[in-house]
Amino acid sequence: MRKAFHGYILIAPVMIGCLVFTLIPFGIVLRYSFTQGYGAAGMFVGMEHYTKMFQNDLFRLAFFNTMKFLAIGLPLIMLLSYLLALLMQKQAGKHKLLKSVFLFPYIMPVAGTVLLIDLLFGEKGAVNGLFAALNLPIVEWLNGKYAFWVMILMYLWKNTGYSVILLLAGLVTVPAEQYESADLDGASAFQKFRYITTPQMWYSVFFALIFSVINAFKCFREIFLIGGEHPVDELYMLQHFINNCFSNLNYQKLSVASVLLLIVIIVFFGLFYAFVSRKEAFRE
């Protein structure tokens, strides 16, 4: 009991910090989403703000673009990073320099990433320079319909290496004896992947997916520096909407958008975690 008390003392600062800087602000945000006005004078209005939010064209555009970014970017980054991790699996202890190269885009500062994107896809960038040399029309990569896909490409380039390292850490924990036994039984490479590798990688994939989602939302920094507060429609994300609501001191809209985004994230991770847990239970 005494040891447990000492443990509680040690974690108390962290718990107090979590309460003060996370739970209490979240409670305030939740309250704003159901009330009109500020402070104790706020009047409860039920779901009125949520109803109005779904009728807001800017919110629907931002929500659609954000979900589209996640729906396209997450499968691509997980598939690409998993394939690269599988290729590096047998030499995981070697090629340390290659791992560093993979991580270089991830640790590149935001300003450096934006500068690189502008050098490549700006109006006078390298890609348009190549198009001009080939007598092809100049494309507005960052201010038109292609801007969204440039951001997807940036997301993959910047974060794939980090996901590869996370998945590689899971792959090296798969016992080599299982592969050797499968070789003796005449199993093909696909059979080893399906029956040995994949069943033992679900939690590693889940962990990598969490960070991929976090990194997807971090891409707003680059998108904001490229497009500003009011970018082209293809780049208008939920973070733009929330940031603009904060700038206009519209805490009700800001709070509703934040709560809805949190609900989507919780539902997404809850469903995937249930899927992973079911796979693990079946394997056991």
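Figures for the structure shown
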quantity	calculated
HN-Hα J in Hz across segment 173-185 - Karplus 6.51, -1.76, 1.60, θ = phi - 60°, x for Gly and Pro	7, 6, x, 5, 4, 5, 5, 5, 5, 5, 4, 5, 7
Dipole of segment 155-272, positive direction: furthest Cα of Ala216, Val256, Thr198, with charges on the beta-carbon	Val256
Ratio of Rg to Rh over the chain (Cα coordinates, Kirkwood Rh, two decimals)	1.05
28 Å Cα-Cα threshold exceeded, pairs from Lys158/Lys192; Lys68/Lys253; Lys124/Lys253; Lys90/Lys218; Lys192/Lys218	Lys158/Lys192; Lys124/Lys253; Lys90/Lys218; Lys192/Lys218
Separation between Cα centres of segment 216-231 and segment 34-87, rounded to whole Å	15 Å
Shape of segment 10-83, Cα gyration tensor, a/c cut at 1.5	oblate
Spatial separation of Cα centroids for segment 109-179 and segment 242-256, in angstrom	31 Å
Placed amide H near Gln36: partners under 5 Å, 5+ positions off or other chain	Met43, Phe44, Val45
Residue among Val45, Met15, Ile165 farthest towards the positive dipole end of the chain, charges placed on Cβ	Met15
Signed unit charges on C-beta, dipole axis of the chain, positive-most listed residue Ile28, Met237, Ala62	Ile28
Cα-derived Rg over Rh, computed across segment 158-207 with Rh taken as Kirkwood radius	1.05
Size of electric dipole in the chain: Cβ of Lys, Arg +1 and of Asp, Glu -1, about Cα centre, debye, nearest 20	600 debye
Prolate/oblate/rounded label for segment 210-258 (Cα gyration tensor, a/c 1.5)	oblate
Size-normalised alpha-carbon gyration radius of segment 124-184, reference 2.2 N^0.38 Å	2.01
Hull shadow area, averaged, segment 197-279 [alpha-carbon convex hull, nm²]	6.6 nm²
Net length gained if the chain between Met67 and Ala132 were fully extended (0.36 nm per residue, minus Cα distance)	19.9 nm
Rounded, prolate or oblate (a/c below 1.5 giving rounded, otherwise prolate when a/b exceeds b/c) for segment 115-222 by Cα gyration tensor	prolate
Per-selection metrics, segment 55-196 (Cα): Rg and Dmax in Å	20.3, 62
Using a Förster distance of 35 Å, the FRET efficiency for Asp233-Leu98 (Cβ separation, nearest 0.05)	0.35
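Read-outs: derived from the displayed coordinates by stated rules, not from any lab. Only a predicted model underlies this, so the values are computations on that prediction, with no experimental measurement involved. Using ideal geometry, Cβ is built from the backbone for each residue, glycine included, and neighbour counts are taken over all protein chains shown.
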